[in-house]
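K.L.:
Mind looking over this structure? Questions follow.
The values are calculated or read from the model by the stated rules, or taken from the named source; none is laboratory data. All figures in this text were calculated on a predicted structure; none of them were measured in a lab. Cβ: placed from backbone, ideal geometry, glycine included. Neighbour counts: every protein chain shown.
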């Protein structure tokens, strides 16, 4: 299925319900629990995670599997990731190896490169939707 982009201002559960009804038929949303994948879930706002958890998952409309990074380049939890960790029924870390200069360690943090060097300080980028 094509991806659905959800901006920070939107109600994630309403967007999901509308898309499911449009693509599957109005009654399909309530007759069958569905499986929904959320990629780049770290960029969800905490209230959007709550909307999905309470309105979609807790109401048995769909099971949601969310994928994303936990930590930003400073090693701090993304706000969306923190809320996902708080509300998730299950948590599974998918190991990913660091490929930078063949280090081979498990990658746990997003890196920001400036002129080819890793930086760990500074403000997070804003206006990701523009």
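K.L.:
Just checking, how many residues over the range 68-95 are farther than 18 Å from residue 123 by Cα, part of a loop (DSSP other than H, G, I, E, B) and in contact with a strand residue (DSSP E or B) (Cβ under 7 Å, 6 or more places away or on another chain)?
P.N.:
1
K.L.:
Next up: Considering each of 75, 104 in turn, give the residue that is surrounded by fewer than 18 Cβ atoms within 10 Å (Cβ to Cβ), without any contact (Cβ under 8 Å) to a residue 12 or more places away in the chain and either farther than 26 Å from residue 4 by Cβ or within 10 Å of the chain's Cα centre (by Cα) (or both).
P.N.:
104
K.L.:
Which residue is modelled with the highest pLDDT, if the candidates are limited to the range 11-32 and must be surrounded by 14 or more Cβ atoms within 10 Å (Cβ to Cβ) and either closer than 29 Å to residue 94 by Cα or within 11 Å of the chain's Cα centre (by Cα) (or both)?
P.N.:
It comes out as 11.
K.L.:
Can you tell me which residues in the range 78-89 are closer than 15 Å to residue 110 by Cβ and without any contact (Cβ under 8 Å) to a residue 40 or more places away in the chain?
P.N.:
Of everything in the range 78-89, those that are closer than 15 Å to residue 110 by Cβ and without any contact (Cβ under 8 Å) to a residue 40 or more places away in the chain turn out to be 78, 79, 80, 82.
K.L.:
Can you pull out the residues in the range 96-130 that are farther than 14 Å from residue 78 by Cα, assigned to a loop (DSSP other than H, G, I, E, B) and modelled with pLDDT under 80?
P.N.:
Within the range 96-130, 96, 98, 99, 103, 104, 105, 107, 127, 129, 130 qualify.
K.L.:
Out of everything in the range 50-67 that is in contact (Cβ under 8 Å) with a residue 24 or more places away in the chain, part of a loop (DSSP other than H, G, I, E, B) and more than 14 Å from the chain's Cα centre (by Cα), what residue ends up being farthest from residue 8 (Cα to Cα)?
P.N.:
60
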